[in-house]
Amino acid sequence: QVQLVESGGGLVQAGGSLRLSCAASGSISSINAMSWYRQAPGKQRDIVATITSSGSTNYKDSVKGRFTISRDNAKNTVYLQMNGLKPEDTAVYYCVAFRRGIGNWGQGTQVTVSS
């Protein structure tokens, strides 16, 4: 099992920045990839960004150029740097660790962007 704790959410004005953190513990050596998902009110949960164990990254089209996913292996932590935030980025953001195709989810952190 992998335990995930997200932090860094909050309220920010449009155009502002936030950095989300996801600290992992437990069976972290078996993690293949980590992702950030988000879910806005009344909408389905969508993948935002992924970083693999080899360091490859992928992004949702609408956040490319604004969001950056990175990791600090020494701290077992994955980050999501979010710049140029827009009201449509408002959502609960979840960190997910994938092991053998199975995702372990964090509890989520709220990001609210005011116009």
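The numbers here are math on the coordinates, done by the rules we state, and not lab data. If you're wondering where the values come from, they're calculated on a predicted model, not measured in any experiment. For neighbour counting, all protein chains shown are included, and Cβ atoms are generated from backbone atoms with ideal geometry for every residue, glycine included.
Laid out as a table, the results:
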item: Set of aspartates and glutamates with alpha-carbon distance to Lys43 below 15 Å, sequence-local pairs under 8 removed; result: Glu88, Asp89
item: Relative contact order [Cα under 8 Å, 6+ residues apart], the chain, whole percent; result: 37 percent
item: By average C-beta atoms within 10 angstrom, highest first, the peptides 31-37, 69-75, 80-86; result: 31-37, 80-86, 69-75
